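What follows is one structure encoded as structure tokens, with my remarks underneath.
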Amino acid sequence: MDLFSFEIANRKIEVYRSIYAPVKSNMFTILTGNEAVVLDPNEAEDLLELFKEKDIEKVHILLTHGHYDHISGVMWLKEHTDTTVYCQERCAERLMNSKRPQARLVALVLAEEDRKDGGSRYQDFKKKYKPFTIVADRTFVNLDRLHIGDLDFEVISTPGHSEGSACYSLCGEMVFTGDTLILNTSIITTFPGGNKVDYENITLPYLKRLRKDTIVMPGHGDPFILKDTNNI
């Protein structure tokens, strides 16, 4: 588990990161009092150890979108903690349908890596994966605000990469983008539920309005400062 420390709204904010190894997706966690905010969870035993150490009583899961590598730990966390799940309404609709190909994109990536080096990632993943549904406790449409402990988030609908994608802006100084913005990386809009027109007409204008010194916490890769990326 990695730990990043930032100055946000004139105070210290610590963000823990755990990486979903198969496709290197980020899970971010912020503690506030006896509560925790977890963005895009995966299964990480050291996170439960952290919760125990810090006497965390309530976990708030914020989902940036519904692709498997960003939701794989939701049910696991619900089994171990008192959990509330938040996401965009369109994302919630997707997660309630067990027939949606939640894991197909991850499987395709792993199969391609196996093709290159003869590995067995895809078969290993296939053996472990079981279809599931997630029922969100609170959903958003377009724009909303969320107050958890002493943290204030603005929730913004950012379609394009997938249906129901969202960004979570913390105090206007840090933004959790999921796969909506990744450092120097072209955003994929061709997956099922993606929409290039929405990304260009809705999401890109939002990203361009952000302050250039905004700290970006992406779905893949290390945190970065907005001005340092070349893809917006």
In whole angstrom, the spacing between the Cα centers of the stretch 12-87 and the stretch 169-213 equals 22 Å
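Return the percentage of antiparallel bridges among DSSP beta bridges fully within the stretch 2-228, rounded to the nearest 5 %.
70 percent
Starting with the fewest neighbours, write out 17, 209, 115 ranked by other beta-carbon atoms found within 10 Å of each beta-carbon. Don't skip to the answer; put the middle values down first.
Numbers: 17 17, 209 7, 115 10.
Ordered from fewest to most neighbouring Cβ atoms within 10 Å, 17, 209, 115 come out as 209, 115, 17.
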Counting only Cβ distances under 4.7 Å between cysteines, those in the chain with no partner are 167, 171
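With the cut-off at 1.5 for a/c, could you classify the chain from its C-alpha gyration tensor as rounded, prolate or oblate? Let's see the in-between values first.
Numbers: a/c = 1.39, a/b = 1.11, b/c = 1.26.
Rounded shape, in that the Cα axes give a/c under 1.5.
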Quick note on 162, 5, ordering by fewest other C-beta atoms within 10 Å, gives 5, 162
Computed ³J(HN,Hα) along the stretch 106-118: with the Karplus parameters 6.51/-1.76/1.60, θ = phi - 60°, integer Hz and x for glycine or proline, the list is 4, 4, 5, 5, 5, 5, 5, 5, 5, 4, 6, 10, x
The answer for residue 148, listing residues at least 5 apart or on another chain whose modeled amide H is closer than 5 Å to its amide H, is 153
The long-range amide H neighbours of residue 36, using H built 1.01 Å from N in the peptide plane and a cut-off of under 5 Å, are 58, 59, 60
Scalar couplings 3J(HN,Hα) for the stretch 20-26 by Karplus 6.51 cos²θ - 1.76 cosθ + 1.60 (θ = phi - 60°), nearest whole Hz, x for Gly and Pro, are 6, 4, x, 10, 6, 8, 8
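Is there a quick way to get the dipole size of the stretch 2-228? I mean about its Cα centre, with the Cβ of Lys and Arg at +1 and of Asp and Glu at -1; what is the value in debye to the nearest 20?
On the way: 28 positive and 35 negative charges, 160 e Å.
Result for the stretch 2-228 is approximately 780 debye, rounded to the nearest 20.
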For 217, 174, ascending order of other Cβ atoms within 10 Å (fewest first) is 174, 217
Residue-ordered couplings for the stretch 218-231, obtained by feeding phi - 60° into the Karplus form 6.51 cos²θ - 1.76 cosθ + 1.60 and rounding to whole Hz (Gly and Pro as x), are x, x, 9, x, 7, x, 8, 8, 3, 5, 8, 9, 10, 10
Which residues qualify? For residue 140, with a placed amide H closer than 5 Å and at least 5 residues away or on another chain, they are 87, 88, 89
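Each reported figure results from applying straightforward, stated rules to the coordinates on display, with no laboratory input. Since we're looking at a predicted model, the values are computed, not measured. Glycine gets a Cβ as well: all are built from the backbone with ideal geometry, and neighbour counts include every protein chain shown.
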